[in-house]
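Encoded as structure tokens, the structure appears first; notes follow it.
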Amino acid sequence: MDAKSYNAKDSEDQIYKKWEKSGAFSPKVDPKKKSFTISMPPPNATGTLHLGHSIMLAIEDIMIRFKRMQGYSALWLPGTDHAAIATQNKVEKLLAEKGQDRHELGREKFLEEVKKFVANSQATIRNQIRKMGSSCDWSRERYTLDDGLTKAVMTVFVKMYEDGLIYRGNRLVNWCPRCESTLADDEVEHKDIQGHFYHIKYPLKDEKGYIEIATTRPETMLADTAIAVHPKDKRYKKLIGKTAILPLVGREIPIIADEYVDIELGTGALKVTPAHDPNDFELGKKHDLQTINILTENGTLNKEAGKNYEGLDRFEARKKVAADLEEQDFLIKTEDHMHSVGHCYRCSTQIEPFISLQWFIDVNKPVINGKSLKERSIEVIKDGSIKILPSRFNKTYYNWMENLHDWCISRQIWWGHRIPVWYCQECDEEIVATESPNKCKCGSKKLKQDQDTLDTWFSSGLWTFSTLGWPDNKEELEYFHPTSVMETGYDILFFWIARMILMTTYTLGEIPFETVYLHGLIRTKSGEKMSKSKPETCIDPLDMIEKYGADALRLSLVIGSTPGNDTRLYEEKIAGYRNFINKIWNSARYVLMNIEEGDYSVTLEDVLSSDLSRTDKWILTRLDEVVAGVTKNLGKHSISEAGNEIYEFMWGEFCDWYLEMSKVKKNTKVLSYVLKNILILLHPFVPFITEVVWGNLNQKNLLIVETWPKKQKELHFSREKEEVEVVKSVITAIRSLRSESNVDASKKIQAVIHGGRHTELLLEKIEIIKRLANLGELEVSSNDKKMKNSLSAVVKEVGIYLPLEGIIDMNEEKKRLGREVENLQKLLTHIEKKLSNKGFVAKAPKEIIEKEEDRKAGILSDLKKIKEQLKHIS
RNA sequence: GGGCGCUUAGCUCAGUUGGUUAGAGCGUCUGGUUUACACCCAGAAGGUCAUAAGUUCGACUCUUAUAGCGCCCACCA
């Protein structure tokens, strides 16, 4: 450790290899130990790691290292997700750059391309997870398309099918015309779009006049099969049961009555298009209306739209329909209108409601002891089986779950788990099985598998248990499941967390995890979202690791960020934590220079049997308090607070005070002991630097498997702790006096201290005070003789005098002391007011009142001394 | 239309059961080569904790309203 500064780049990769080789990442099933499990949220196999992954990895690694050191069998299971739509889109884009598309290639060849691509990005991701220092168990790495996981997916599908939860139906679904696939409700993103309201005349058949109707999607009129009005609407009452003529098309459509129609809204009359609007679809079913679909899968109009429109893109058709309506005098007016339109969450294409034959999961059917999937999913949060951090997300979760409709799980993309359903070409039998059947019960071998794949969230929903070997391996599952913590961004609460709860409570009859820890989004310094489309806003974690080290990046992500809240990240912040890492390095260098080889293996007993000074007892007491604090905070997942506490202790107390004091008189056992414990406490946060330093202390074991310290009664010296605080205050007061009065900082001056009841203590620490306050001479006595013409201060009943006549301006000093008196006086009045308040004395707890009384006594005494001193300034 | 969050020093943020003279880092200012560290050390300036009312002996902390910013959910033609 010769270098003056720590170079993260030189050691991080090596340290990681050491850990990996040691087997520390791979816990065993050990009945003597408790298990602690985290399933790593699988990064999409579509590319590279970003800061969202970094914060996830940092938080989870802290949790896992902490528990591992506490003696748990701590499993952190890594893996990747095939991310069906996202991955397929990505590869399609790559193909497009070469001027190809998937239909040209065909299913087989296209899938080969995707596989290649995935293998590539998986390798990148693995490497990048390692760069963060993640202590996950690579021997148990999983991928959603592994054989084992695929078997789990098929098994669950069959089970749900047999329970009547999975059904196939012709329904109106969300359709992405670019992906040419369905989307689940929550995969649709609503965005406000500036559109228009088109007011259209619908002429009546048997009488003069027309009904005026407003719509934002005029092209859908081509598929209208009715007009609906409210039964109590006076304007339209007489028209109910009559017929209107559909403009441009000429079709006769009935005017029906339904209470669904809002009289106030628009014109109060509603065009009904069962095939292209969810509400109209319901109306259509209710009133037995004809359903006409005018769209094809890629969003162009089909022949049902009529010759004039067939083949047009939906937006072209909108323009043309509007123009034609206007030309034929059916268009009354067009007004601007902001409205919310659904978009595909993967490719941002506008969604169309579209009728098609799809597979669904029934979320309302009672199957778990009379409860439906959604009821059970709500219950496990309500009864506290699963805790969400922060808890305010409970409400969001309930709201989502309660409004959940049947989940559409089939997708028309190619990349993913093929739906395990085969159709007999001869008898129309539907065969559902985990493995490909070779013949139908009618004897026919002409079987055709369903063309669709499963929603990617179907397999992700099984992640906590499919990765542990279900349905085959029961041992690991029983030991490690339910997992302990699920840690992820709040943005996938619905997509993933909710799906895991739903799928796991159904399949296993138990919860997938006990605690959900939701971290926030990482934003830029000015609060913007970092987005790939704006590369200048993005910070690349790998660049930062290269520049400042993984430890610094980890701290910058974790300290000052709390669950559920977004946090801003910028380079200066990371640089600041790099400085802290360097501080660790240098304090360790100092300690190593000062201790003997024998101190490396120091034990608590060694420390207690050594000659402990007050300062030793002070730092040991503080260490013990910090051990308790950090342990408590990590225990309740207050990572930021835990990190802050050990950071402050390391830098602000151990380095700034204890090491400085040790330059006067040192106890090498305590130096070694405290450093080692700090390294242990810091290790979950900054694993690399702490392991490097640990290695320089010639330890038998790697730090990663060192035992986490416990609170020690023997290390609690409260009297000495208070005493050293007095010494520190005296030193700070002298420094402050010098600095405020512009005394040359390098000049060794003289000081006189009247120690009062602290005299013995201050006499013992006289060398320390001299050194830390840069004094040439120091006189400590118990008598309180007044010093003429000195700088003076009183702290904790100790009088401090710096005789500097001739050097300083005594008028200034007089003013300064005057201000001091004023401040104390104000404080005194404040406290006295409190103590004379009858309510306070009657109702406040005893300790609080005592504390106030002590403070009052201290202030009175200090005030008296300052006032006397003021008299001695001439 | 429903739900939620944020507002604390110039900047970025802590402050978890109400008891402080409200903290940290960065930045600023003043000074410093001392058994490690200038990626350092010492000292200082800087806040009526968004506003208003309420509960309480006591409010940054609890309640209610207001304002500004932001997020999520929603099939209003």
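The values are calculated or read from the model by the stated rules, or taken from the named source; none is laboratory data. Computed from a predicted model, the values in this text were never measured in an experiment. As a convention, Cβ positions derive from the backbone with ideal geometry for all residues, glycine included, and neighbour counts pool all protein chains shown. Heavy atoms of the whole protein, side chains included, go into the accessibility calculation; ligands, DNA and RNA do not. Shrake-Rupley method; radii C 1.70, N 1.55, O 1.52, S 1.80 Å.
Only DSSP H runs of four or more residues enter the estimate; each adds -39500 (n - 2.57), and after division by the residues of chain A the mean residue ellipticity at 222 nm equals -13000 deg cm²/dmol. Its residues counted as N, chain A yields a C-alpha radius of gyration over 2.2 N^0.38 Å of 1.28. Karplus-derived 3J(HN,Hα) values for segment A:429-436, using 6.51 cos²θ - 1.76 cosθ + 1.60 with θ = phi - 60°, are 5, 10, 10, 10, 8, 6, 10, 4 Hz; glycine and proline are entered as x. The angle between the Cα long axis of helix A:147-162 and the longest principal axis of the Cα atoms of chain A comes to about 50 degrees, rounded to the nearest 10.
With every protein chain kept in place and ligands, DNA and RNA left out, what is the accessible area per residue of chain A? Probe 1.4 Å, answer in Å².
Normalised by residue count, the accessible surface of chain A is 45 Å².
Roughly speaking, what is the centre-to-centre gap between segment A:189-267 and segment A:100-148 when only Cα atoms are used, to the nearest Å? If we compute the Cα centre of each part, the gap is 51 Å.
The H on the amide N of A:His196, modeled in the peptide plane, is under 5 Å from the matching H of A:His337, each at least 5 residues off or on a different chain. Please work out whether segment A:405-477 counts as rounded, prolate or oblate from its C-alpha gyration tensor, where a ≥ b ≥ c are the square roots of the eigenvalues and a/c under 1.5 means rounded, while otherwise a/b larger than b/c means prolate and anything else oblate? It is oblate, given that a/c is not under 1.5 and a/b is not larger than b/c. Here are some pairs, A:Lys271/A:Lys333; A:Lys238/A:Lys285; A:Lys788/A:Lys814; A:Lys826/A:Lys864; A:Lys785/A:Lys826; which of them have Cα atoms lying more than 20 Å apart in this structure? Among A:Lys271/A:Lys333; A:Lys238/A:Lys285; A:Lys788/A:Lys814; A:Lys826/A:Lys864; A:Lys785/A:Lys826, the Cα-Cα distance tops 20 Å for A:Lys238/A:Lys285; A:Lys785/A:Lys826. Please say if segment A:219-309 is rounded, prolate or oblate, where rounded means a/c under 1.5 for a ≥ b ≥ c the square roots of the C-alpha gyration tensor eigenvalues, and otherwise the choice is prolate for a/b larger than b/c and oblate otherwise? Because a/c hits 1.5 or more and a/b exceeds b/c, segment A:219-309 counts as prolate. Of the peptides A:229-237, A:144-152, the order by per-residue mean of other Cβ atoms within 10 Å, starting with the highest, comes out as A:144-152, A:229-237. Solvent-accessible area assigned to carbon and sulfur over chain A amounts to 47 percent, based on a 1.4 Å probe. Between the Cα long axis of helix A:718-740 and the first principal axis of chain A there is an angle of about 90°, rounded to the nearest 10. Across segment A:619-628, coupling constants 3J(HN,Hα) worked out from phi with the 6.51/-1.76/1.60 Karplus curve, θ = phi - 60°, read 5, 5, 5, 4, 4, 4, 5, 5, 4, 4 Hz, and Gly and Pro carry x. In segment A:58-217, Cα pairs under 8 Å separated by at least six residues give a relative contact order of 20 percent. Counting only DSSP beta bridges with both residues in chain A, the antiparallel share comes to about 70 percent. Relative to the longest principal Cα axis of chain A, at what angle does helix A:639-648 sit, 0 to 90 degrees, rounded to 10? With both axes taken from Cα atoms, the answer is about 20 degrees.
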